[in-house]
1. Could you identify the single residue in 124, 105, 74, 80 that is of a type in the set (S, T, N, Q) and closer than 23 Å to residue 802 by Cβ?
2. Can you find, within region 57-80, the residue that is modelled with the highest pLDDT among those that are out of contact with any helix residue (DSSP H, G or I) (no Cβ under 9 Å at 6 or more places or on another chain) and charged (D, E, K, R)?
3. Might you check whether a residue that is basic (Lys, Arg) and free of Cβ contacts under 8 Å to residues at least 24 places away in the same chain occurs anywhere in region 251-258?
4. Go through (1) aliphatic (A, V, I, L, M); (2) touching a residue at least 40 places away in the same chain (Cβ under 8 Å); (3) assigned to a strand (DSSP E or B) and name the single condition residue 283 misses.
5. Which strands (runs of 3 or more DSSP E) sit wholly inside region 626-703 and have at least 3 residues that are buried (at least 19 other Cβ atoms within 10 Å of the Cβ) and within 50 Å of the chain's Cα centre (by Cα)?
6. Residue 365 is checked against (1) assigned to a strand (DSSP E or B); (2) open to solvent by less than 30 Å² (accessible area, probe 1.4 Å); (3) of a type outside the set (Asp, Glu) and fails just one. What number does that condition carry?
7. Would you confirm whether or not region 331-342 contains a residue that is among the small types (Gly, Ala, Ser) and assigned to a strand (DSSP E or B)?
8. Which of the residues spanning region 775-814 are on the phi > 0 side of the Ramachandran plot and surrounded by fewer than 17 Cβ atoms within 10 Å (Cβ to Cβ)?
Amino acid sequence: FYHLNCLQRNSALILASGNVTEIPLGTTMKYGFFSTLLLLLTLHLYSQNFESTFRRYSEQYVPDRVHIHFDKSTYGAGDTIWFKGYLLSALSPVNKSKNFYIDWTDARGKLIDRTVSPIVEGVTMGQVAIPANYTDAYIHVKAYTKWMLNFDSVFLFNKDIRVLSEKSLAKKPVPITTSIVFFPEGGNLLYDAVNKIAFKITDQYGRPIKGSGSILTDGQPTEKFKTIHDGMGFFFLRPEPGKKYSVAWQDEKGVRHTDDLPAAVNEGIALQIGWMEDKRSFMIQGIGKYASQSVRIIGTMFNQSIFNIVRPLENGATQGIIPVNTLPSGILTITVLDAQYHPLAERITFVNNHDYQFDAGMEVRHWGLNKRARNEIEISIPDSISANLSISVTDGQIDFDSTSGIISDLLLTSDLKGKVYDPAFYFKNVSDSTEKLLDLVMLTNGWRKISWSDLAAGHLPEIKFPGDTSYLSLSGKVLGATPVQLQQGGDLVLIVNQKKNSEWLMAPINPDGSFAVKDFLLFDTALVYYQPPRGKGLKNVTVQFKSNPLPIVTGREPAGIGKPANIDTTGYYRQLQLTKELQAALDMYKGKVLEEIKIEARTKSPEEIMDEKYTSGMFKGGDSRSYNILADPASIASMNILNYLQGRVPGLSINSDNPPTLNYRQGGSPALFLDEMPVSTDMLINIPVSDIAYVKFFSPPFMGAQGGGGSGAIAVYTRKGNDVQFEPGKGLSRNSVTGYSVIRQFYSPDYEKLESDKKDLRTTLYWNPEVMLGPGKNKIVLKFFNNDVSESFRVVIEGMTPDGKMTRVMKVME
């Protein structure tokens, strides 16, 4: 029997005993049994316990993977880092996890800021400001969903972002030290077996170093070896008992080294994987007691099962071929286990079927490389797909990191243990030679993400952090009342006060006292006033809000780990110079203040101030009644402005029709104006009272109305930006509640409409994380303006489709 769970239809496994023979397997997406040749009936069956547990693991324990598109690679103190996050779960955009967390730490691992943003269809966005007095050379970014915290922390998104300063660029060069690490294929070095041993030579920052040397057997040189690509290479060795093996090598600077090879063992499994264009061959050799045993071979991608088989070792070995042309692109993990499900050997291999990418085009519609000139670029995608894109445009001469991107992050590094140098290199062309070099990365990075022994015992990994399957909302619990009292008391009344507005909300209370406001996302920190339910026995109830704290991530890496301290490039210095000039200009403008002017005048009444501020022409003064909404706390309780005026204007009656009708002293309906423009009743009642500052009622006749205003007029004025509004809910109990980090809009000046004498030294000229294209609208023209100094622009486009395909485009306009 074969046991199979395929990620895509038509997946197959080709295996044989002795000779290599093709045996096609099932095409189902679900876990099931597949009966094949009667000869294979003698193979061991999987235990029902393992089968059931592994199925649940494959379905329930798929980790999220993260990529972040930043507007640029390097920043200065006081800069804002703009970002957009892309998240995948297996092959599709994340839909279960709703909240995205980022810890921003300094060079010593101290938390600078923490942002949280909502995930919608696998994407999110935001920004964070670098402190103006920041002096460290790096900021470390650790990004994750809550669900990701249940897995190995090495799979969280980690990145160092360089922060430029004269201090960091003036550091003296650090002496480079090099080292070599060995990686026996499959995991163990075995006596009396041909072992493929990969190696990696790097400096102390993880940068690759070229090197060459010889294998020493009892101190005598035998075979030679050298690096093949980015410090990586391999050689073959068949160690014999009683002999000592080491290597003598020298790095690219000529420094000589001697290192011992890993110790060989007498028993185990040797696993070798061979690369072919659309297949992977494997050879398994058993040494010692394993030479006569059966082995289990399990293939997984994204923690999901691809194939599970049992194979006997004939003459101590077995071999086969795995076709991969129908698998999705990504890392395939091949694990060999014994009868008790203990892992004996493991190897990862990258499957690249070029099915992960869609084409995005960019065409320059209007060039503007002069000072503050207009530029227009057209972004397009195939008309048959939809895509969510982010676009950044930066000065073409500042530093740019091209070593990673959305494809390399989501398909490669987010699924690997260990540091990969220049992962984007492996996706820049589709040649066989590049894919063979990528196999060196597979040989020299960590594996074993699944605890097979635990699964065999029926134990699933402990879920310490249940995933955020709902968005952050206003929620909490009413304490001190019985379910019956709460039911009789009605809903909880909430008034949410934020910087620019206030909102009334009604929260139904569950029998256990819990409550949550649906369809309401809270951004930033707000003061929430609340009116507990009223009723018998409810005088002493209290309301406790859920604070929605971010998970505490332990083991924060200090910034700068793995980064060289002596980088010195023209791009860095150009950006540092522009940053310094911009900061000096901002300081200068900040220091300019108006000279003190003494004014002596009669103090105006609040009504006069409001009338002078809001009204003009025939609406000024006159026979009228004035209502300062900003100064009247009672206004917040009104459903609309007509409801507010009911009973306040003598002779005015308002009938609660839909829409309401007005009558003044039985003479007819007054004329209605909004910001001195005629409006209808239904339009006026849809204006929130919190947006209204001032109201005037004009007694008839009012010559500003059509027909002379024989029934008078009502003029309503909406608030202006500098109005100070009273604080709704003041006097009620309150609490401070924190929601999502504020998502701001990137400011890009339009010099066709704006005139300014301030220096423009922006290094990010344009950032747009919300470009949505699809069938019928597969093109968009984006406009941006040059600064005062840039002579070329770098445009980076990244994006993702609803089915998880990705794109990355980088072009320079010069």
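1. Working: 105 fails: closer than 23 Å to residue 802 by Cβ; 74 fails: closer than 23 Å to residue 802 by Cβ; 80 fails: closer than 23 Å to residue 802 by Cβ.
Just one listed residue meets the conditions, 124.
2. 71
3. Initially, region 251-258 is screened for residues basic (Lys, Arg), giving 253, 256.
Subset that is free of Cβ contacts under 8 Å to residues at least 24 places away in the same chain: 256.
Within region 251-258, one or more residues are basic (Lys, Arg) and free of Cβ contacts under 8 Å to residues at least 24 places away in the same chain.
4. All conditions are met except number (2).
5. Details: elements: 652-655, 661-664, 671-674, 692-698.
Qualifying strands (runs of 3 or more DSSP E): 692-698.
6. Only one criterion in (1) assigned to a strand (DSSP E or B); (2) open to solvent by less than 30 Å² (accessible area, probe 1.4 Å); (3) of a type outside the set (Asp, Glu) is unmet by residue 365, namely (2).
7. Of region 331-342, the ones among the small types (Gly, Ala, Ser) are 339.
Next cut, assigned to a strand (DSSP E or B) only: none.
No, every residue in region 331-342 fails to be among the small types (Gly, Ala, Ser) and assigned to a strand (DSSP E or B).
8. If the condition is that a residue be on the phi > 0 side of the Ramachandran plot and surrounded by fewer than 17 Cβ atoms within 10 Å (Cβ to Cβ), then 776 is the only one that fits.
The values are calculated or read from the model by the stated rules, or taken from the named source; none is laboratory data. Remember, predicted model here, so these are calculated numbers, not experimental data. For neighbour counting, all protein chains shown are included, and Cβ atoms are generated from backbone atoms with ideal geometry for every residue, glycine included. Side chains are part of the model used for accessible areas, which takes the heavy atoms of the whole protein and leaves out ligands, DNA and RNA. Shrake-Rupley method; radii C 1.70, N 1.55, O 1.52, S 1.80 Å.
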